[in-house]
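Comments concern the structure below.
The values are calculated or read from the model by the stated rules, or taken from the named source; none is laboratory data. Everything numeric here is computed off the predicted structure, so don't read it as measured data. All Cβ positions, glycine included, derive from the backbone under ideal geometry; neighbour counts span all protein chains shown.
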């Protein structure tokens, strides 16, 4: 009986340590990502104008590494472009006229924060139809992060952050291969 | 094969197939010949069409948002793929794996996870491309040509249409 | 938030209404349908790593349908069938000819007639006519051949037509 109790206690201890390790791993990875200079905190993106995101993607460095490795033979440029990325996050909301203001306020707030943190506005466009803002963070002459906010009235509000060593020309070229109709993606 | 050789229920059993266009040509010809003569069969066909239409007009139902919330609450406290029934077995396997040193090699994603990640990556880049195109359309052709290709350090400037920093 | 967690949330968003609709139409009870959908989605969380993107929807439909059939069987055993909100209309035999019914009357009689169908006819009608599933998808969910799906579906609709009073030879 005593031996059984001891065995049970040991197993319980081992399992507790293992479970703590397993559960802590994503949290640690999350913290590491947030400490990256190219990381953008968009605030709470669980909803906008009462609606949940229609697209919500978060790819971490490890998964991007696997995707990159899988693409290595057939798509070397894609593999290169993804290889140094640490994260791609995107939230897309379908917006109607009623949630336009909230989307703009959210984008304004993030813009102010980014500019205060020395992010460079690469594109800031406003027209009656749409608004697009792209910001980039450079560290030591290299682009370490990209933030994209796009608002199309009656269509989508997009918040996107790419973290890692980015070659904008290469990424732009790769992205153009995936220029599919966004409306099909939802 | 003549229509009169068929019993009444032969036609009745084929009403829905006829409405769906699923009868082969000989059965269809037979059925249509009978339709010309048989008022009650015509009525059955009309009613079958009415039912078909009514079924398709039934409104689709919205799942109450509480369900999603409850599911996310319950699953939020468990690792993906977790079920209590398998937890014990999984732990035993884990311990055994450690014992033989297998844990030194990090496990890769499953095929399904990898395919999903690839699809997600494509979706994200499609939006990036879309943003580049829209910026180009709004701000001038040079943005389409350069897309996001011009590095910030090379002096990406706001196009003339830009009105201030904030949109 | 991990990829699988996002995939899970997306799957819920994408399929919850269809599953709820399927369960509601199968069971005739929105409260029971909620419970079924909740259980099915929790099961999805457990199985998602093993399911490729193409298999999520058929898997969900099959598990939801099977859960409903189990529940209906238990109901029958307990002899405690209770018609709830969705089909709370009168079950008395209607005498009005079908062609003279208003759309809403026909709709409510149809719901009741669907409830009264046996399996697999009920699932067939719901999956095909209400949920707009393909024959191939239904064949996968019900483990039938495409041809069986077609034939049984005709039979199911014939049962509905007869149940709605135009013919009583079945």
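Here are a few things to note about the model shown:
- The residues of segment C:22-49 that are at the interface with another protein chain (Cβ under 7 Å from one of its Cβ atoms) and either in contact with a helix residue (DSSP H, G or I) (Cβ under 7 Å, 6 or more places away or on another chain) or not in a helix (DSSP H, G or I) (or both), listed by number, are C:24, C:34, C:37, C:38, C:41, C:42, C:45, C:48, C:49.
- Enumeration of residues in segment C:142-154 that are in a helix (DSSP H, G or I) and closer than 13 Å to residue C:121 by Cα: C:142, C:148, C:149, C:150, C:151, C:152, C:153, C:154
- Given (1) closer than 21 Å to residue C:130 by Cα; (2) modelled with pLDDT under 85; (3) in a helix (DSSP H, G or I), number of the condition residue B:60 does not satisfy: (3)
- Looking across segment A:101-121, the residues that are free of Cβ contacts under 8 Å to residues at least 24 places away in the same chain and either over 14 Å from residue A:146 (Cα atoms) or not in a helix (DSSP H, G or I) (or both) come down to A:101, A:105, A:108, A:112, A:116, A:117, A:118, A:120, A:121.
- Candidate set from segment B:14-27 (those that are surrounded by 15 or more Cβ atoms within 10 Å (Cβ to Cβ) and in a loop (DSSP other than H, G, I, E, B)); member that is nearest to the chain's Cα centre (by Cα): B:22
- Taking each residue of segment A:60-84 that is closer than 16 Å to residue B:110 by Cα and looking for partners that are in a loop (DSSP other than H, G, I, E, B) with beta-carbon atoms closer than 7 Å, six or more apart or interchain, yields A:63/B:109; A:66/B:108; A:66/B:109.
- So residue B:17, is it touching a helix residue (DSSP H, G or I) at 6+ places or on another chain (Cβ under 9 Å) and closer than 27 Å to residue C:129 by Cα: yes
- The set of residues in segment A:70-92 that are within 18 Å of the chain's Cα centre (by Cα), outside any helix (DSSP H, G or I) and over 24 Å from residue A:42 (Cα atoms) is empty.
- Only one of B:97, B:139 that is modelled with pLDDT under 55, over 30 Å from residue C:128 (Cβ atoms) and in contact with a strand residue (DSSP E or B) (Cβ under 6 Å, 6 or more places away or on another chain): B:139
- Count of segment A:118-170 residues which are within 7 Å of chain B (Cβ to nearest Cβ) and buried (at least 19 other Cβ atoms within 10 Å of the Cβ): 18
- Residues satisfying the stated conditions in segment B:111-121, i.e. more than 7 Å from chain A (Cβ to nearest Cβ), modelled with pLDDT of 80 or more and surrounded by fewer than 19 Cβ atoms within 10 Å (Cβ to Cβ): B:115, B:119
- In this entry, residue A:107 is excluded by the filter for residues that are under 16 Å from the mean Cα position of the chain (by Cα), surrounded by 15 or more Cβ atoms within 10 Å (Cβ to Cβ) and farther than 20 Å from residue B:130 by Cα.
- Checked against (1) in a helix (DSSP H, G or I); (2) without any contact (Cβ under 8 Å) to a residue 12 or more places away in the chain; (3) in contact with a helix residue (DSSP H, G or I) (Cβ under 6 Å, 6 or more places away or on another chain), residue B:50 passes all but a single condition, namely (3).
- Condition met for residue C:123 (modelled with pLDDT under 90 and not assigned by TED's automatic domain parsing to the domain that holds residue C:15): no
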